[in-house]
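The values are calculated or read from the model by the stated rules, or taken from the named source; none is laboratory data. In this text the structure is predicted, and so the values were computed from the model without any measurement. Positions of Cβ are generated from backbone atoms using ideal geometry, with glycine treated the same way; all protein chains shown enter the neighbour counts. Ligands, DNA and RNA are stripped out before the accessible areas are found, and what is left, the full protein with its side chains, is counted by its heavy atoms. Shrake-Rupley method; radii C 1.70, N 1.55, O 1.52, S 1.80 Å.
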Amino acid sequence: MERTARQRDRRREGIASPVEGFNGRARKAIGDQSLHDAVELFTNKSVAARNAALGALPEAPELRERAYHIKRKTMQNLHHYLARLAEEVERHGGKVHFAKDGEEVVRYVAALAESKGARTVVKSKSMVTEEIELNRRLEEGYPELGLEIVETDLGEWIAQLAGEHPSHIVGPILHMSRRRVAEILSGVAGEPIPPDVAALAAFARRRLREKFLAADIGITGANFAVSETGTIVLVTNEGNGRLVTSLPPVHVAVVGIEKLVPRMRDLSVFLQLLARSSTGQKLTVYTNFITGPRGEGELDGPEEFHLILLDNRRSELLGTEFEEALFCIRCGACLNVCPVYR
């Protein structure tokens, strides 16, 4: 009754409830034929590419089974592997913070930015920072810091400029046409840019390079974190991940606690599966191994490395019937065959 009354009050005030807002967006999307076509094209191509890539790998079923058992063992001994990871990161000169929830992550990053006098923050694609709405909460919760937070994955950047959320783990703007992208980037450029892929990419490269060079802090997620070495691994198809982690003086990696693998030899199992399941590639263009800040005699890398290990209720799944949710490697393949998403 109380909830119904609140909903009536919100309707009188012209404010949509979360459910009403979702339903309205859903009805609009259902009637958008171009969106249907874009999702169908992307998901069909992705499914075909995945099937072909895994079909060409005779040991794929065995690798998937091994990956399952590695994850299961890791979750059964998660506290041990987290402690080992933290120990190795600190041994290599990094700093480790365990965050209970998103609010702790936001507070940590805000305090770090304030202590460094940071103004420009560049980010690579990160599902865990999307999960906790890091950008919005930093900008709205700490306006006094005056932070400019720039997504640097091309699709994520365009979605950010448009004020939209990414629409797929792998293809953040699969719902946009080239003409829509040209409209968005033309608005940023202050002059028309033709809906030509090369021209759009060239503008993005020039503008984002300015942000990389000016950045005070770089923020990433991680596809994997290797417990025995303290290494985080970024798997990408764009060079922005390397620029985010090597040019700014401070690198912050926000990583869900489920991303751990015990050993480097375990990592090789997942690397053989991730790109094939995600994009149909044998291997992505960039696979980055980051172990601590820049060492003595090294020419690039950050002066400081901060690893934030986020729980956000993940540990509540351990030992339950839902524990297998923690085995997910974020390849996005499930979206491509999901009837609701499609």
> Please state the relative contact order of the stretch 84-173 as a whole percent: Cα pairs under 8 Å, 6+ residues apart?
Replying inline: 24
> HN-Hα J couplings of the stretch 293-307 from phi, Karplus 6.51/-1.76/1.60, θ = phi - 60°, integer Hz, Gly and Pro as x?
Replying inline: x, 4, x, 4, x, 7, 8, 9, x, x, 6, 10, 10, 10, 9
> How much area per residue is accessible in the stretch 226-290 when the probe is 1.4 Å and only protein heavy atoms are counted (Å²)?
Replying inline: 31
> Counting only protein heavy atoms, what percent of the accessible surface of the chain is carbon or sulfur at a 1.4 Å probe?
Replying inline: 52
> Considering amide H positions built from the backbone, and no H for Pro or chain starts, which residues 5 or more places from residue 219, or on another chain, come under 5 Å of its amide H?
Replying inline: 122, 123, 124, 252
> When the solvent-accessible surface of protein heavy atoms is calculated with a 1.4 angstrom probe, in what order do 89, 337 fall, highest first?
Replying inline: 337, 89
>> Just to make sure I understand: if all protein chains stay in place, what is the order of 235, 106 by accessible area at 1.4 Å, largest first?
In response: 235, 106
> Picking from 265, 313, 27, which is most flexible by a Gaussian network model of the chain using Cα springs under 10 Å?
Replying inline: 27
>> Given points 7 Å out from each Cα along the Cα-Cβ axis, report the residue 87 to residue 47 separation in nanometres with one decimal.
In response: 4.7
>> Relative contact order of the chain, please, whole-number percent, based on alpha carbon pairs below 8 angstrom and at least 6 residues apart.
In response: 25
> Rounded to the nearest 5, what % of the DSSP beta bridges within the stretch 192-342 are antiparallel ones?
Replying inline: 40
> Which entry in [x] 35, 23, 18; [y] 31, 26, 24; [z] 64, 31, 23 matches semi-axes √(5λ) of the Cα gyration tensor in Å derived from the coordinates of this structure?
Replying inline: [y]
> Normalised by the number of residues in the stretch 187-342, what is the relative contact order in percent for Cα pairs under 8 Å and 6+ residues apart?
Replying inline: 24
>> Can you give me the long-range amide H partners of residue 310? Hydrogens built in the peptide plane at 1.01 Å from N, cutoff under 5 Å, separation of 5 or more residues or another chain.
In response: 99, 255, 256, 257
> R0 = 30 Å: FRET efficiency of residue 107 with residue 79, Cβ-based, nearest 0.05?
Replying inline: 0.80
> When you count, for each residue, the other Cβ atoms within 10 Å and take the mean per peptide, how do 55-64, 282-291, 251-260, 169-178 rank with the highest first?
Replying inline: 251-260, 169-178, 282-291, 55-64
